Amino acid sequence: MASENDILNNIVTNKQNFASGDIEEDSQVELFMERVRIWNKISRVNINGEERAVIVPFSTLIETFDTEYDIDGTVDNPAEFDATNSRYILMADANANRKVLQSEVVSFRNNVSVDSINISVEVEDSDGNDASDNIIIELYNGQDWVLIHNNGTLHFKDTQGQDLDADLDADLGERNNSWDYDYQIPKWDNKLKYRITRVGTGTYYVSKVIMDFATIKAIDAYPEYYRYLYNKRLMDISDNHATMYVKMHETEVLTSEDDFTKIRINSDETLWQPTDMIKYFVKTDSNAYEEVTSLDTDHTFATPGKVISLRVILIGNGASSTYVEKIRIIGTI
Amino acid sequence: MILEGETKGLNKFRDAIEPIINEGELGSDGTEVKVSDTGLGTPIATTSVAVVTTKFNKGIKIDYATTLGLGAGNSAREWVVNDTDTDELLRVVFPEIELYTNSVISISSQLILLQEL
């Protein structure tokens with residue numbers, strides 16, 4: 001294999017030939033000067049068949065339309081995939097109305113805050129001219145579709161910030177916060193999609209979409225001692241709801257070199273019957289469990305300690321219809 | 001420019017890379033992915049599983065799946081793709097997923113080759 005010096009010398013030689021007008025060598029120069037990048041486009045993480053995360057590395061999605069993998073083909077009037085030319089076609093003819101190109105969910109990595117999203121679309125008409133004016137681009141934040149122009153940037157603000165955009169209603173502005181008030185989960189659900197819709201009756205070719213999650217950064221204000229338990233804690237016992245049961249789940253949730261003095265818990269509860277109950281207890285080290293009587297409120301430990309364990313007790317006869325999930329825990333030193 | 005086609009240009013690179021994508025493995029370290037990453041932060045034992053690769057134009061799809069209960073008792077927050085000699089080729093970080101005896105985790109990832117002037 002050629003050494004680095006060999007390659008560099010070869011480039012210098014080729015450059016000299018380029019100056020002297022050697023066509024064959026010129027093409028080699030071009031080969032040398034091109035770069036090939038291997039890019040991890042997207043990773044989809046599933047557990048038990050349920051999509052749990054869709055990760056775009058390094059904050060950039062590059063969609064080159066070489067496959068249909070990440071396009072939603074179930075929308076009404078979907079665009080036509082052109083595998084030969086790695087593109088999607090938006091058109092209307094006697095056979096079909098190919099009007100909408102919509103992505104599957106994409107999102108970015110965990111534990112970050114995003115300030116803005118930029119999207120650029122390469123779209124041409126049959127003559128190879130830019131056709132940006134012949135499409136509508138929208139971004140989906142998990143709750144709403146937001147109109148954005150080509151090469152435009154959608155900015156997110158925090159809860160104390162000003163409105164998202166003067167053209168958007170206040171409610172939408174609030175829901176577009178990158179993170180909710182206690183840093184639990186992205187308020188816009190981190191379930192981003194884009195949608196490109198044809199305007200008029202022409203034929204247009206979409207060959208590339210690039211989305212940049214700009215100024216993405218680690219969350220400075222993210223609590224150092226934080227735990228997010230996504231999975232359900234179920235009753236999982238039943239005799240057709242005829243008997244009252246108690247089901248207990250215990251998990252060690254936080255550890256530290258210093259003593260925890262307080263803990264705050266929040267969760268999503270589902271009860272089969274209003275009479276079913278879910279109770280939370282916490283303890284430090286090997287001390288006694290203390291009941292956390294109010295969710296989303298700081299609970300002060302009777303005895304501070306370095307290891308926090310959580311006990312969740314489900315009481316009732318709801319079987320697997322009674323459960324708690326997405327338990328958010330914040331410990332304070 | 002580099003020629004494109006089934007076995008030329010970027011697809012030649014693709015064909016050279018595809019044979020060294022062999023195994024995937026889970027880990028529990030959720031720290032940020034860096035370009036310089038060389039492997040899992042904290043591997044989860046027994047989760048090294050052969051991956052299935054599918055070539056497409058200028059790219060490779062990688063499918064990884066654990067069998068029932070693999071890695072149970074751990075929390076997964078990262079995943080890597082290995083060559084058989086354990087050189088890691090790709091690291092991905094995701095939100096925490098707790099692994100139970102009834103859990104099957106599957107990950108589908110795509111590598112694409114891009115040409116820059």
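Out of A:E291, A:E269, one residue alone is assigned by TED's automatic domain parsing to the domain that holds A:A319, assigned to a strand (DSSP E or B) and loosely packed, with under 14 Cβ neighbours inside 10 Å. It is A:E291.
List the strands (runs of 3 or more DSSP E) that sit entirely inside segment B:29-83 and contain at least 2 residues that are within 13 Å of chain A (Cβ to nearest Cβ) and surrounded by fewer than 17 Cβ atoms within 10 Å (Cβ to Cβ). Spell out the reasoning first.
Numbers: elements: B:52-56, B:59-65, B:75-82.
Hits in segment B:29-83: B:52-56, B:59-65.
Quick one: in segment A:66-80, which of the residues that are more than 10 Å from chain B (Cβ to nearest Cβ) and crowded, with 17+ Cβ neighbours inside 10 Å is nearest to B:S108 (Cα to Cα)? Quick ask: steps written out before the conclusion?
Within segment A:66-80, the first condition is being more than 10 Å from chain B (Cβ to nearest Cβ), and the residues that meet it are A:71-80.
So of that shortlist, the ones also crowded, with 17+ Cβ neighbours inside 10 Å come out as A:71, A:78-79.
Working: A:I71: 15, A:P78: 24, A:A79: 24 Å.
Result: A:I71.
Among the residues here, A:I313 does not qualify as buried (at least 20 other Cβ atoms within 10 Å of the Cβ) and in contact (Cβ under 8 Å) with a residue 40 or more places away in the chain.
Determine if segment B:66-83 includes at least one residue that is without any contact (Cβ under 8 Å) to a residue 12 or more places away in the chain and either over 23 Å from A:T60 (Cβ atoms) or among the hydroxyl-bearing types (S, T, Y) (or both). No, segment B:66-83 contains no residue that is without any contact (Cβ under 8 Å) to a residue 12 or more places away in the chain and either over 23 Å from A:T60 (Cβ atoms) or among the hydroxyl-bearing types (S, T, Y) (or both). For B:R91, state whether it is within 9 Å of chain A (Cβ to nearest Cβ) and closer than 23 Å to B:A16 by Cβ. It is true that B:R91 is within 9 Å of chain A (Cβ to nearest Cβ) and closer than 23 Å to B:A16 by Cβ.
Checked against (1) modelled with pLDDT under 90; (2) within 9 Å of chain A (Cβ to nearest Cβ); (3) at positive phi, B:T86 passes all but condition (2). Of everything in segment A:33-65 that is surrounded by 18 or more Cβ atoms within 10 Å (Cβ to Cβ) and more than 30 Å from B:E96 (Cβ to Cβ), the residue that is nearest to the other protein chains (Cβ to nearest Cβ) is A:T64.
The values are calculated or read from the model by the stated rules, or taken from the named source; none is laboratory data. Everything numeric in this text was worked out from a predicted model, so none of it was measured. FYI the Cβ positions are ideal-geometry reconstructions off the backbone, even for glycines, and counts take in every protein chain you see.
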